[in-house]
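The values are calculated or read from the model by the stated rules, or taken from the named source; none is laboratory data. Remember, predicted model here, so these are calculated numbers, not experimental data. In this analysis, Cβ positions are derived from the backbone assuming ideal geometry, glycine residues included, and neighbour counts consider all displayed protein chains. These area figures cover heavy atoms from the full protein model, side chains too; ligands, DNA and RNA do not enter into them. Shrake-Rupley method; radii C 1.70, N 1.55, O 1.52, S 1.80 Å.
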Amino acid sequence: MRTIYSLLFFTSLFATGLPAQETNSYNPVIDVLHYNFSIEVNDANDELVATAAISLVFLQATSTIEFDLAGKNAEGKGMAVVSINDGELKFEHAADRLKIKLAVPAKRGDSIVCRVSYRGIPADGLVFSQNKFKHRTIFGDNWPNRAHNWLPCVDHVSDKAGVDFMVTAPDHYKVISNGILVEESSMGAHKKFTHWSEAVPLPTKVMVIGLADFAVNYAGNVDCIQVSSWVFREDKKNGFYDYAQAMEILPFFIRQVAPYPYKKLANVEAITIFGGMENASAIFYNERTITGKRGYSEELIAHEIAHQWFGNSATESGWPHVWLSEGFATGFANMYLENKYGPDTLKARLKKQRKEVIEFSRIRFTPIVDSSEKKNFLVLLNRNSYEKAGWVLHMLRRKLGDSLFAKGVRNYYANYAGRNASTPDLQKVMEDVSGTNLKDFFQQWLYSPGHPVLQMTWQYDEKKKVVLLRIIQQQKQLFSFPIEFSFIKQDASQNPNRTLQVTKKVTLQEIPMEIKPGQVVADPAINLLFEGNIIAEK
C-alpha cells in the first residue's frame, strides 16, 4: 500500500490507535486452504450476516481449531457467532479468538470444512461509510491484520488461502472483489447476488470486497488480463483518465518480473485509510487521489501494481519483513518512472527519498527489519520500509549490476510466488545468482539502524599535484560502502570520476590531478544513502 503524502500522515496514523493489534497470529496446528464467505449487508444498518466455510488441513493432531475473530466490544461492535457446522460443534469465543471443539480428534493430514455462522457490526476491517459525494459505501480495509474484525480467519501473512466472496446487497450497489466474476444476478426485493472467486492463495491482508454506486470502464487487455476502472459516478471523467495509466504500467512489470499472477486488474476508487491498498487483483485507492491530472497517481498506481507480485504473490513471512512488500513496490515504482522518463527522474526521486529517510531517522531510529513492534504493525509503515528499503534495492542493483540484479529479482519471485519469504531468503537468492557474499551488505543496511553520516573535506596540494580527500564517519556504527566523487574543472569540464571504498572511521585518499578543480562533488550519480556534504579546505 501507499500511505498518504507525508510524515504528517505517519504521525496522525500512529496517534489514532487504530485497532491493528496482534491476535495469536499464526496457528501452526492448521493450514487454511480456502475460504468461502457468504455475506449479506443492507442499507438500514451496518450489520453483516455471514457464513464462512473454511477448508483446512491439520498440520498436527488436535481436538480443537482456533481462528481469529473479533468479539463484541464495549460499544457493541464486533462479531457474535451463531453456530458452527449448523450446531454440530461446540465453541468458545473470547478475547478475539474462536476456539472450536472437534467431534472427533483430528490426525495430522486430515482435512475438514468448518462452517461458521455469525453476525455483527464490524468495529474495523469492513468500513460502512459515506464517500465524498455523500453516498453510502462499504469497503474492506484489512491491512495488516484487521480482517478478523469481520472475517473468521487465520489473520496473518504467513497463512495464505484461496477465497470466494458471495455478497447479497441492495441492487443499487456494484460489488468488486478479488478474482473473477462468477455470477451477478437479481434476487428480487431490490437485492442482488454477486459472486467473486480467487483460486490463487492470498494472505488475508489483501482479501476484500467493495460496494458502491460505481461507474465501470473496461480499459482493455494486457496479455489477456482484463484491466478495468471502478470509480464513483461523479468522478467518472477524471477517474477513468487517471486509472487508464495501468494499461502502460502493467506491461512494464510483466517484462521486468514475471507474468501477472491474477486474471484481472481492477483499479478501484475507495474509502481506505491508505493512499492506496494493493488488494489482490482489486486495488483500492483513496478517493482523494483522483485529480484528473495524473502526476501523483502515476507513481501511486505503479506502486500498487508492483505489489501484485511483491506482497500479494511473493508475501513476507512476518511483519518485520514488510520491506519485502513496501520496499519492492517503492523501488520498482522508481524503476518504472526511470524507464519512462529517464535517469534524471530517478536521481531526483532518490534525492528526495534520501532526504525523507534522513529526516525520519531522527524520529524513529530502528532498522528496516524491525522486530521491536509486537502489536501495532501500522507503525511499520514508515520511511524505513518504504523509501529506505527502496534505496537499499537501488544500492544492491548498483552493487550487482543491472543484469544480475534483474536475474536475482526474477529468481526470487519464481521461488516464492504463491509462498512466503523472509529477508534471508532474498539474500540467499541474490548470493546464488551473483556469486557474491552479501552478508555485510544485508547486515548494515537492513538489520542495523541508521546510515553513514559523513564529514567530507578536500584540498589541493599544488606541489604534489594531488587532491586530498578526507572522509570521516560520524555515526556510531561504521558502514562499509563505495562512494564516487567527480572533479569539475574551473572551465566546467570534468576530470575522470573516482570511486573510493570506505571501511574505516577516517579515510584519507590522494588523487593525482594536474590542475586544481573548481568543485568536488560527492555521489554525483546518487547511488549512496548517506548524510553530509563535501566542503573545500583552504
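Applying the criteria of a DSSP loop state and at most 13 other Cβ atoms within 10 Å to the trypsin sites (Lys or Arg not before Pro) of segment 284-381 yields 293, 362, 374, 375. The convex hull built on the alpha-carbon positions of segment 94-145 has an orientation-averaged projected area of 6.2 nm². Its Cα gyration tensor gives segment 54-101 an equivalent ellipsoid, and the semi-axes of that ellipsoid, as √(5λ) in whole Å with the largest first, are 22, 12, 9.
Under 15 Å from the 7 Å Cα→Cβ point of residue 190, by amide nitrogen: which residues of segment 122-157? Residues 136 fall inside that zone. Residues whose amide H comes within less than 5 Å of that of residue 64, counting only those at least five positions distant or on another chain, are 102 (H built at 1.01 Å from N in the peptide plane).
The Cα atoms of segment 298-391 give a gyration tensor whose axes a ≥ b ≥ c have a/c of 1.5 or more with a/b no greater than b/c, which makes the shape oblate. Amide H to amide H distances under 5 Å link residue 125 with 141, where only residues 5 or more positions off or on other chains count and H is placed in the peptide plane. For segment 425-538, a Kirkwood radius taken over Cα pairs fed into Stokes-Einstein (10 °C, viscosity 1.306 mPa s) yields D = 102 µm²/s. Measuring against 18 Å, Cα to Cα, the residue pairs 160/439; 347/388; 505/538; 465/538; 465/516; 355/375 contain 160/439; 505/538; 355/375 as the ones spanning a longer distance. Rolling a 1.4 Å probe over the protein heavy atoms gives segment 426-497 an accessible area of 50 Å² per residue. With distances taken between every two different alpha-carbon atoms, segment 101-214 has a Kirkwood hydrodynamic radius of 15.8 Å.
Just the protein heavy atoms count here, and of the accessible area of segment 185-286 at 1.4 Å, carbon and sulfur take up 54 percent. Of the chymotrypsin sites (Phe, Trp or Tyr not before Pro) in segment 20-99, the ones in a loop by DSSP (not H, G, I, E or B) with at most 16 other beta carbons within 10 Å are 26. Distance between the 7 Å Cα→Cβ label points at residue 439 and residue 182: 5.0 nm. Exceedance of the 29 Å cut-off in Cα-Cα distance is limited, within the set 191/263; 77/263; 293/351; 263/407, to 77/263.
Once the chain from residue 375 to residue 505 is taken as fully extended at 0.36 nm per residue, the excess over their C-alpha distance is 43.1 nm.
Residues in segment 51-116 average 54 Å² of solvent-accessible surface per residue, probe 1.4 Å, ligands and nucleic acids excluded.
Estimated from helices alone, the mean residue ellipticity of the chain at 222 nm is -7500 deg cm²/dmol (sum of -39500 (n - 2.57) over DSSP H runs with n ≥ 4, per residue).
The mean accessible area for residues of segment 343-405, using a 1.4 Å probe and ignoring ligands and nucleic acids, is 42 Å² per residue. Note on the chain: along the principal axes its Cα atoms extend 93, 54, 42 Å, ordered by decreasing extent. Annotation for residue 59 and residue 403: the two label points, set 7 Å from Cα along the Cα-Cβ direction, are 4.1 nm apart. Of the chymotrypsin sites (Phe, Trp or Tyr not before Pro) in segment 335-431, the ones in a loop by DSSP (not H, G, I, E or B) with at most 13 other beta carbons within 10 Å are 365. Database remark: amide H of residue 214 closer than 5 angstrom to the amide H of 174 (H placed geometrically; neighbours at sequence offset of 5 or more, or on other chains; Pro and chain starts carry no H). Three semi-axes describe the equivalent ellipsoid of segment 341-401; taken as square roots of 5 times the Cα gyration tensor eigenvalues and ordered largest first, they are 25, 13, 9 Å.
For segment 352-429, the share of accessible area belonging to carbon and sulfur comes to 50 percent (1.4 Å probe, ligands and nucleic acids excluded).
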